[in-house]
Amino acid sequence: MAGSRLARVSVLLFIAAAVLISGCARGTRAGTPLTPVDESKGDVYIYRNKSEVARAQPFYTTVDGHIGPALANGSYVVFHLEPGKHNVVVSPGPWGFNRGRTIQVSAGERSYYQFDFTPDPEDKLHFEQTVLRARPVEAARADIALLPGISPRATERRISFRRSTYASLSDAMALPGVNDKARTTYEHWLKQKLPRAFVVSTGGGWISTWGLSVIDAPGISDPATRAMQRCARWRNVVCQMYAVNTSVVWTPFPAKMIAAERKRRQSGQRSEEAIDDMNVEKATDATAGQDESAVQSKTDAVTMPSLEQLIVD
């Protein structure tokens with residue numbers, strides 16, 4: 001009898017392990033031949049080369065404002081898009097500027113874009129210079145041949161945040177660079193159940209999230225991940241977590257980083273990408289915020305901060 005129970009338990013453990021392994025398999029292996037292009041659509045490849053810098057940090061992607069997958073270190077994602085113009089943005093998360101561009105997609109063709117980021121030699125955590133760069137076909141294919149692909153669905157990659165002494169959690173007036181509406185939203189956010197997250201951007205925008213189940217971000221249960229993914233819709237801003245659960249985690253942006261970006265904007269450069277960014281900024285308002293009340297479906301009662309530990313003392 002005991003042997004029979006042990007055998008059943010072993011079988012169940014084997015099945016569970018098999019499901020877990022299969023669930024972890026995402027995308028394609030490095031060197032896998034590229035799939036044929038659908039003649040009615042165009043394939044857009046976005047990639048980041050493997051680097052020791054930010055190797056554990058997921059970069060977030062959006063296409064036409066829709067949440068895309070998290071771009072892991074040394075990987076690529078391919079979007080199958082309708083012909084025409086599309087707005088693509090990549091965000092390195094809370095340590096660098098979101099960059100994007102409006103791209104022209106042609107039916108039956110591939111195009112390639114590399115997200116390039118450069119840390120300051122004196123501050124390797126932050127990225128003063130980021131760019132979403134169009135790449136020649138042969139060079140891009142050589143790069144991608146060395147990288148694994150990421151599943152083109154939204155993925156949840158959680159990161160930890162270090163608790164700061166910037167301000168008291170309840171002090172809405174301490175929120176940096178935002179207007180009174182943002183402070184009112186923050187006070188509303190403080191009343192929401194855990195888990196929850198509040199993000200602000202250098203453009204004066206904010207995003208508040210809470211709960212584990214939301215309509216516009218299927219499969220992303222963690223509010224901090226949802227907030228960073230949503231903030232990836234905005235170009236030319238840095239999105240940084242202000243508070244997670246019951247802790248303020250904000251640290252001021254490096255002055256040198258902000259000064260470098262201000263200089264870039266005022267330099268008078270009129271490259272195709274710079275003009276494209278200016279046009280998009282006129283059409284979108286990054287100083288607007290987003291309260292998750294508009295997209296909440298249901299939230300589960302949660303007493304612990306999150307499924308994983310997010311705060312590091």
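The values are calculated or read from the model by the stated rules, or taken from the named source; none is laboratory data. Just so you know, these numbers come straight off a predicted model, no measurement behind them. Note that we place each Cβ from the backbone using ideal geometry, even for glycine, and neighbour counts take in every protein chain shown.
Here is the figure for the stretch 69-102: residues that are crowded, with 22+ Cβ neighbours inside 10 Å and touching a Ser or Thr at 6+ places or on another chain (Cβ under 7 Å) total 11.
Per-residue answers, yes or no, for (1) within 18 Å of the chain's Cα centre (by Cα); (2) surrounded by 14 or more Cβ atoms within 10 Å (Cβ to Cβ); (3) hydrophobic (A, V, I, L, M, F, W, C):
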residue: V105; (1), (2), (3): no, yes, yes
residue: Q114; (1), (2), (3): yes, yes, no
residue: E122; (1), (2), (3): no, no, no
residue: T130; (1), (2), (3): yes, yes, no
residue: S164; (1), (2), (3): no, yes, no
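Just wondering, is there one or more residues in the stretch 228-240 that are of a type outside the set (G, A, S), under 24 Å from M173 (Cβ atoms) and touching a Cys at 6+ places or on another chain (Cβ under 6 Å)? Checking the stretch 228-240: at least one residue is of a type outside the set (G, A, S), under 24 Å from M173 (Cβ atoms) and touching a Cys at 6+ places or on another chain (Cβ under 6 Å).
State whether one or more residues within the stretch 139-152 are at pLDDT below 95, farther than 23 Å from V237 by Cα and in a strand (DSSP E or B). Looking for residues that are at pLDDT below 95, farther than 23 Å from V237 by Cα and in a strand (DSSP E or B), one finds at least one in the stretch 139-152, hence yes.
Can you pull out the residues in the stretch 132-157 that are among the hydroxyl-bearing types (S, T, Y) and either surrounded by fewer than 16 Cβ atoms within 10 Å (Cβ to Cβ) or closer than 17 Å to G42 by Cα (or both)? It would help to see each step written out before you state the result.
Narrowing the stretch 132-157 to residues among the hydroxyl-bearing types (S, T, Y): 151, 155.
Scanning the stretch 132-157 gives a single hit, S151.
If you go through the stretch 26-61 and keep only what is touching a strand residue (DSSP E or B) at 6+ places or on another chain (Cβ under 8 Å) and closer than 15 Å to R157 by Cβ, you end up with G27, R48, A54, P58, F59, Y60, T61.
Please verify whether the stretch 206-223 includes one or more residues that are surrounded by 17 or more Cβ atoms within 10 Å (Cβ to Cβ), under 22 Å from A56 (Cα atoms) and in contact with a Phe, Trp or Tyr (Cβ under 9 Å, 6 or more places away or on another chain). There is at least one residue in the stretch 206-223 that is surrounded by 17 or more Cβ atoms within 10 Å (Cβ to Cβ), under 22 Å from A56 (Cα atoms) and in contact with a Phe, Trp or Tyr (Cβ under 9 Å, 6 or more places away or on another chain).
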